[in-house]
Amino acid sequence: MRLRDAMAQGRFIAYQPSSLQVIDGRFVEADAASIRADLTQLRERFDALITYDAIHGAQQIPAIAATLRFRALIVGVWDPSDEHELGAALEAARRFPELVVGISLGNEMLLARRSDPAALLEVISRVRERAPAVPLSTSEPFHIYDQPAAAALLSRLDFLLLNVHPVFQPWFREAPDTTAAQFVVNVLAKLAPFACGPVLVKETGVPTAPASAGFGEQRQAGFYRELRRLLPPRRAQAFAYFAAYDAPWRAYDATGVPGAPVVHPEEAHWGLYDDARRPKAAARELQRLPP
């Protein structure tokens, strides 16, 4: 109920601390002062968070978010097989039951082949035994659920967290913002009947660079403007803004594979705020929220 309330009445954003970095697979931990500065700024326009990691400094997020009166927090667990990280997420749910509305057990683990459906189902069962009152999910690109083995997950998740990126479709560059936003709505319409709970789009958006690939601030703002029109928040379906801050390091380490030579410049520019915390056009268009 609290998750559905937050979806209908709040405004979610996917958040990774601006001071947390992963360089060649090694973590640079986030510090409390930087997290507080991030969240103080975000709270002006957002009141619900989805995170990716529960340690490496991110264990400080729930307490800081609570003091800043965020409405909801979905705690991300990057590696559900890590008992330390899983324990940190469960501790956050125990300490802040009015804030934590769910736990996401992994991000794109099936896509990256860091796990398989059977292993994820086992993790879900184990965590549900330990925290039966906490809604559980995992986060994957929408097309993963077209695979028969992964489709079984849909009936075991308390809510569905989807990544739906029109920018990766071959038609995106020449398509209007309405078409890109409608694509997200169509994906939800296809999967929602098979989900056991509400559906929240965790990742969707447009990078603001490089311009040579057709990206920019106005394209990002236009996409979200159309998505707000076509997908107003409801208790059963909503979307989160992706992401809070630009992360320059992700251009070189987006895959998380040490020494990976492939550069993905767009991965550095998903933020609604740049890496100096300056709001971009998409953020400036959003009405400020009451404290």
Do we have any residue at all in segment 194-209 that's open to solvent by 20 Å² or more (accessible area, probe 1.4 Å), under 18 Å from Asn163 (Cα atoms) and in a helix (DSSP H, G or I)? yes
Residue satisfying condition, being open to solvent by 10 Å² or more (accessible area, probe 1.4 Å), farther than 19 Å from Tyr52 by Cα and in contact (Cβ under 8 Å) with a residue 24 or more places away in the chain, within set Ala93, Ala112, Ala88, Ala152: Ala152
Whether any residue in segment 232-246 is in a helix (DSSP H, G or I) and either surrounded by fewer than 18 Cβ atoms within 10 Å (Cβ to Cβ) or in contact with a strand residue (DSSP E or B) (Cβ under 9 Å, 6 or more places away or on another chain) (or both) is what I want to check. no
Can you spot a residue in segment 177-192 that is assigned to a strand (DSSP E or B), polar (S, T, N, Q) and within 20 Å of the chain's Cα centre (by Cα)? no
Output the residues belonging to segment 216-233 that are touching an Asp or Glu at 6+ places or on another chain (Cβ under 9 Å) and either farther than 12 Å from Leu286 by Cβ or among the hydrophobic types (A, V, I, L, M, F, W, C) (or both). Arg219, Ala221, Gly222, Phe223, Glu226, Leu227
Do we have Leu157 as under 16 Å from the mean Cα position of the chain (by Cα), closer than 24 Å to Lys190 by Cβ, outside any helix (DSSP H, G or I) and in contact (Cβ under 8 Å) with a residue 24 or more places away in the chain here? no
Boolean, Ile61 is out of contact with any Ser or Thr (no Cβ under 7 Å at 6 or more places or on another chain), assigned to a helix (DSSP H, G or I) and surrounded by 19 or more Cβ atoms within 10 Å (Cβ to Cβ): no
Could you tell me which of the residues Arg288, Arg229 is within 18 Å of Met7 (Cα to Cα), touching a helix residue (DSSP H, G or I) at 6+ places or on another chain (Cβ under 8 Å), loosely packed, with under 13 Cβ neighbours inside 10 Å and not small (Gly, Ala, Ser)? Arg229
Criterion: assigned to a helix (DSSP H, G or I) and surrounded by fewer than 18 Cβ atoms within 10 Å (Cβ to Cβ) - qualifying residue of Arg69, Arg128: Arg128
Among (1) in contact with an Asp or Glu (Cβ under 9 Å, 6 or more places away or on another chain); (2) closer than 23 Å to Cys196 by Cβ, which single condition is Pro80 missing? (1)
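The values are calculated or read from the model by the stated rules, or taken from the named source; none is laboratory data. Quantities reported herein were computed from a predicted structural model and do not represent experimental measurements. Every residue, glycine as well, gets a Cβ built from its backbone with ideal geometry; the counts of neighbours run over all protein chains shown. These area figures cover heavy atoms from the full protein model, side chains too; ligands, DNA and RNA do not enter into them. Shrake-Rupley method; radii C 1.70, N 1.55, O 1.52, S 1.80 Å.
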